[in-house]
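**Q** I'd like to ask some things about the structure below.
The values are calculated or read from the model by the stated rules, or taken from the named source; none is laboratory data. Values in this document were obtained by computation on a predicted structure and should not be read as measured data. Don't worry about glycine lacking a Cβ; one is built from the backbone with ideal geometry, like all the others, and counts go over all protein chains shown. Just so you know, the surface numbers come from the protein's heavy atoms only, side chains and all, with ligands and any DNA or RNA stripped out. Shrake-Rupley method; radii C 1.70, N 1.55, O 1.52, S 1.80 Å.
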Amino acid sequence: MRLLLVEDDALLGNNVQQALKAAGYASDWMQEGKEARIQGSLEPYDVAILDLGLPGLNGLQVLEAWRAEGLTMPVIVLTARSSWQEKVEAFNLGADDYVTKPFHIEELLARISAVHKRSIGLVSGDLASEGLRLDEHTQTVWSGTESHTLTGTEFRLLRYFMLHPGRILSKSELTEHVYAYDADKDSNVIEVYVNRLRQKVGVDKIQTRRGQGYVFGSQDPESLRV
């Protein structure tokens, strides 16, 4: 998953971004409202974490602009403001959740996971598909009683596959959702990580569609290309 973090407090923003990275998320951090509004419109984020007290445009203005543009990405409002009126306004403008500062990072991570799963029609809990179970806390994939620890990139890639089973996912889409904005995005590297995942979860779990991309899910073995 790729997240947009919008927080003008440098210390808090850095701490949250590091925690997101440790939890296996690719994230881009913006500190100014106008910049965030544009960035949210340009890149395919899975979830946005939005502070309200921003310079330039405040968070509610940014949220309103995103929704006016038709952007449907889930938005978690993160703010020191706790009045019920502002919460109601945020929800009325299209916020999906609301976290009040100070907060525990574990709570924020749980809300990110829950909000994103709801947005794609899943319930909370460990991801499970095709006989695999992905533990997001330990970044470990289980197949029955057998487990494999994943690298950060393997974890992000497998999580994205498991969140979108049966869909053809192009290399460019996978690259956009696995890497942060300023990362060195080489779509050819996706091939390498797909092959590494196949070694851990089975070659039948990820098929290659020539000229299109990859599909997560068991199908005819003759359609696979390792």
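**Q** Express the carbon and sulfur contribution to the solvent-accessible surface of the chain as a percent, rounded to the nearest whole number, probe 1.4 angstrom. Show your work: numbers first, answer last.
**A** Values: 5250 of 10640 Å².
Ligands and nucleic acids excluded, carbon and sulfur reach 49 percent.
**Q** Going through segment 28-73, which chymotrypsin sites (Phe, Trp or Tyr not before Pro) have at most 11 other Cβ atoms within 10 Å and a DSSP loop state?
**A** Details: sites: Trp29, Tyr45, Trp66; in loops: Tyr45.
Within segment 28-73, no chymotrypsin sites (Phe, Trp or Tyr not before Pro) qualify (loop, at most 11 other Cβ atoms within 10 Å).
**Q** Continuing with this model, one more query. First check a/c for segment 1-50, with a ≥ b ≥ c the square roots of the eigenvalues of its C-alpha gyration tensor; if it is under 1.5, answer rounded, and if not, answer prolate when a/b is larger than b/c or oblate otherwise. Present the calculation step by step, with values, prior to reporting the outcome.
**A** Numbers: a/c = 2.90, a/b = 1.15, b/c = 2.51.
In terms of gyration-tensor shape, oblate.
**Q** Inverting the mean 1/r over all pairs of different Cα atoms, compute the Kirkwood radius of segment 67-173 and quote it in Å.
**A** Numbers: mean 1/r = 0.0624 Å⁻¹.
The answer is 16.0 Å.
**Q** Could you give the angle, 0 to 90 degrees to the nearest 10, between helix 59-68's Cα long axis and the longest principal axis of the Cα atoms of the chain?
**A** 60
**Q** Using helices alone, what [θ] at 222 nm do you get for the chain, with -39,500 (n - 2.57) per DSSP H run of 4 or more residues, divided over all residues and rounded to the nearest 500?
**A** Details: 8 runs with 91 residues, N = 226.
So the calculated ellipticity at 222 nm is -12500 deg cm²/dmol.
**Q** If you line up the long axis of helix 152-163 against the longest principal axis of the chain, both from Cα atoms, how many degrees apart are they, to the nearest 10?
**A** The answer is roughly 90 degrees.
**Q** So what is the accessible area of the chain per residue, in Å², with the probe set to 1.4 Å?
**A** Details: 10640 Å² over 226 residues.
Value for the chain: 47 Å² per residue.
**Q** Return P(r) of segment 1-121 (all Cα-Cα pairs; 5 Å bins starting at 0; whole %; ordered from short to long distances).
**A** 2, 12, 25, 27, 22, 10, 2
**Q** Can you pull the Rg over Rh of segment 16-76, Cα-only, Kirkwood?
**A** Working: Rg = 11.4 Å, Rh = 11.9 Å.
With Rg and the Kirkwood Rh in hand, the quotient comes to 0.95.
**Q** For a quick check of understanding: with a 1.4 angstrom probe and all protein chains in place, what accessible area in square angstrom does Lys34 have, to the nearest ten?
**A** Per-residue accessible area (Lys34): approximately 120 Å².
**Q** Treating cross-link reach as a plain straight distance, find the lysines whose alpha-carbon is under 22 Å from the alpha-carbon of Lys171, omitting any fewer than eight places away in the same chain.
**A** Lys21, Lys185, Lys200, Lys205
**Q** If I take every Cα pair under 8 Å that is 6 or more residues apart in the chain, average their sequence separation and divide by the length, what percent do I get for the relative contact order?
**A** Numbers: 374 pairs, mean separation 36.7, N = 226.
Relative contact order here is 16 percent.
**Q** Separate question: Net charge around Glu130, counting only other residues with Cβ within less than 9 Å of its Cβ (Lys, Arg = +1; Asp, Glu = -1)? Kindly include the intermediate steps, with their values, before the conclusion.
**A** Details: positive: Lys205; negative: Asp204.
That works out to 0.
**Q** For the chain, find the longest principal axis of its Cα atoms and tell me its angle to the long axis of helix 10-22, 0 to 90°, nearest 10.
**A** Around 20 degrees separate the two axes.
**Q** Using alpha carbons only, what's the Rg to Rh ratio of the chain with Rh from Kirkwood? Mind dumping the intermediate values first?
**A** Working: Rg = 18.3 Å, Rh = 18.4 Å.
Result for the chain is an Rg/Rh of 0.99.
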